[in-house]
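One structure below.
The values are calculated or read from the model by the stated rules, or taken from the named source; none is laboratory data. Since the structure is predicted, the reported quantities are computational estimates derived from the model, not experimental observations. Positions of Cβ are generated from backbone atoms using ideal geometry, with glycine treated the same way; all protein chains shown enter the neighbour counts. When the accessible area is computed, the model is the full protein with side chains, heavy atoms only, and any ligands, DNA or RNA have been set aside. Shrake-Rupley method; radii C 1.70, N 1.55, O 1.52, S 1.80 Å.
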Amino acid sequence: MLFSPLLIGNCQISNRIIVSPMCQYSANKGLMNEWHLQHLIQMGLSASGLVMLESTAVEEIGRITHHCLGLYNDDCESSIKSNLQIVKKLSNPLVKFGIQLGHAGRKASSQKPWEGRSYLSKSEKYWETCAPSEIPFDEGWHIPKQMTHSDMNRVKQSFIRAAVRAKRIGFDIIEVHGAHGYLLNQFLSPISNTRKDNYGGCLENRMLFPLEVFEAVKKVTGKTPLGMRITGTEWEANGFTIEDSI
């Protein structure tokens, strides 16, 4: 069935091959450039059923690195739209395009993979990160600011605005990034979420903010298929388990 069509919501993809979102770490101030153009054209020519754009930050401090793609202002929207228009013209006409919207949380303000993938130093112009709790991602990393309810509402609104922009650009599918240790996954994980309010503690509480974000985004995406990527397990005895993800 690999080469048979698949209906995802109201979007039919021509086959079951999907190009996963691959961070390029090549943007300039959140904007696409010629690198992204050639990368996406190459993927678009592959005739895969669906090509997902890399994780795209919903606010500036939500970028993983200085060079991650964003969708948090008009320039970002114009950059992605103009490039995607060219990509679609040169791609296999059956290929659909989706975008993954994300926020890095405590894993933000880090180096590009080929620079070490560690936290940014002061000389590298690091920025303050945010997370469900004041727990750094790793030893020596920045201690993130514990998000207030106001911070959580700001991030939620950022997801909403980015989703509206994604619809205007013309993506066929939108995905909320809730995996790989980034912000929404940080809320889900008992390792990174030790909050004492309604957003911490039991699994139902830890799921609350990611579900609120998903519900808010769904209200503005309408008939555009919407999904959430999650981590199946953290492979830690005290972490997020496969039973939790189910």
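Things worth noting here:
- The stretch 94-106 - residue that is under 12 Å from the mean Cα position of the chain (by Cα) and not in a loop (DSSP other than H, G, I, E, B) and, of those, farthest from Arg168 (Cα to Cα): Gly105
- Filter result (under 21 Å from the mean Cα position of the chain (by Cα) and in a loop (DSSP other than H, G, I, E, B)) within the stretch 117-134: Arg117, Ser118, Leu120, Tyr126, Trp127, Glu128, Thr129, Pro132, Ser133
- The criterion of being open to solvent by less than 30 Å² (accessible area, probe 1.4 Å), out of contact with any strand residue (DSSP E or B) (no Cβ under 6 Å at 6 or more places or on another chain) and part of a strand (DSSP E or B) holds for Glu54.
- Arg165 vs. criteria under 21 Å from Val220 (Cα atoms), outside any loop (DSSP other than H, G, I, E, B), open to solvent by less than 40 Å² (accessible area, probe 1.4 Å) and basic (Lys, Arg): yes
- Set Lys196, Lys223: member being of a type in the set (D, E, K, R), part of a loop (DSSP other than H, G, I, E, B), loosely packed, with under 15 Cβ neighbours inside 10 Å and without any contact (Cβ under 8 Å) to a residue 12 or more places away in the chain: Lys196
- Matching option when the condition is in contact with a strand residue (DSSP E or B) (Cβ under 9 Å, 6 or more places away or on another chain) and surrounded by fewer than 24 Cβ atoms within 10 Å (Cβ to Cβ), among Gly105, Gly70: Gly70
- Selection status of Phe209, in a helix (DSSP H, G or I), crowded, with 18+ Cβ neighbours inside 10 Å, in contact with a Pro (Cβ under 9 Å, 6 or more places away or on another chain) and aromatic (Phe, Trp, Tyr): yes
- Residue in the stretch 77-84 that is more than 30 Å from Ser118 (Cβ to Cβ) and of a type in the set (Asp, Glu) present: yes
Residues are listed down the side, and each one gets a yes or a no for (1) open to solvent by less than 40 Å² (accessible area, probe 1.4 Å); (2) more than 19 Å from Asn185 (Cβ to Cβ); (3) touching a Leu at 6+ places or on another chain (Cβ under 8 Å):
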| position | (1), (2), (3) |
| --- | --- |
| Ser109 | yes, no, yes |
| Arg117 | no, no, no |
| Glu124 | no, yes, no |
| Ala131 | yes, no, yes |
| Glu134 | no, no, no |
| Trp141 | yes, no, no |
| Pro144 | yes, no, no |
